[in-house]
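Shown next, in structure tokens, is the structure this report addresses.
The values are calculated or read from the model by the stated rules, or taken from the named source; none is laboratory data. All values derive from a computational prediction rather than experimental measurement. Counting neighbours? That spans all protein chains shown, and the Cβs are built from the backbone with ideal geometry, glycine included. Keep in mind that these areas ignore ligands, DNA and RNA; they rest on the heavy atoms of the full protein, side chains included. Shrake-Rupley method; radii C 1.70, N 1.55, O 1.52, S 1.80 Å.
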Amino acid sequence: MAEKQRVEYIDLIKGIAIILVVAGHCSLPLPEHMRNMLQHARMPLFVFLSGLFFSTCGDSFKRLLVKKVSKLMVPYVTFRLLFMLMLPFTNEYFNLGMLKSIVYKFIHEGYFYQNNYPLWFLKMLFWQPLLAYCVELGLRKLPKAARLGVTIAVSLAAYGCNRYFWSTCPENVSPDMVYFIYRICLMPALILLPLYYAAY
């Protein structure tokens with residue numbers, strides 16, 4: 001079987017995106033407008049690059065779901081559990097009460113202790129191909145430009161809901177449904193869907 005050829009310029013862009021992410025998290029002494037640019041460019045760039053490799057070829061929704069669970073959610077859960085096991089050694093405030101609270105929330109709410117925030121990206125990438133699949137096959141009778149228009153409309157609606165919910169909620173309080181949508185990273189997936197779909 002022929003080995004898959006790497007696309008060098010895509011690898012180069014991925015490398016630049018990784019450098020942007022690292023630079024954004026390193027508290028570099030950059031002007032504020034450059035920090036804002038980094039913050040608003042790095043994740044959309046990753047989403048776009050991921051969309052370049054999306055394909056519906058021969059996959060049923062079930063098969064795509066199984067593939068994405070194995071490639072994204074299994075590593076997500078594995079790393080979450082690994083970091084939870086490391087918690088007693090990495091958190092100076094760790095105590096038995098904290099452990100009980102973590103275990104209770106995990107069993108009753110499926111809530112993972114937030115000790116490794118960057119893993120949110122795996123959850124968001126889990127949703128992108130599933131949403132794109134729904135658009136591609138659910139609206140297959142529409143021209144591609146119209147399908148892209150639908151993703152833009154969905155993105156704008158999600159962005160509007162996002163702004164509305166956070167502007168009307170008291171600080172640090174959110175309705176359960178909004179919190180759930182954020183916790184599973186569906187909201188950023190919907191907002192960035194046009195970039196993923198356009199790349200596809």
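Every condition in (1) among the aliphatic types (A, V, I, L, M); (2) more than 20 Å from the chain's Cα centre (by Cα); (3) open to solvent by less than 60 Å² (accessible area, probe 1.4 Å) holds for Leu28 except the one numbered (3).
Name the one entry in Phe61, Phe53, Phe83, Phe89 that is of a type outside the set (S, T, N, Q) and touching a Cys at 6+ places or on another chain (Cβ under 9 Å).
Numbers: Phe53 fails: touching a Cys at 6+ places or on another chain (Cβ under 9 Å); Phe83 fails: touching a Cys at 6+ places or on another chain (Cβ under 9 Å); Phe89 fails: touching a Cys at 6+ places or on another chain (Cβ under 9 Å).
Phe61 is the lone residue from the list that is of a type outside the set (S, T, N, Q) and touching a Cys at 6+ places or on another chain (Cβ under 9 Å).
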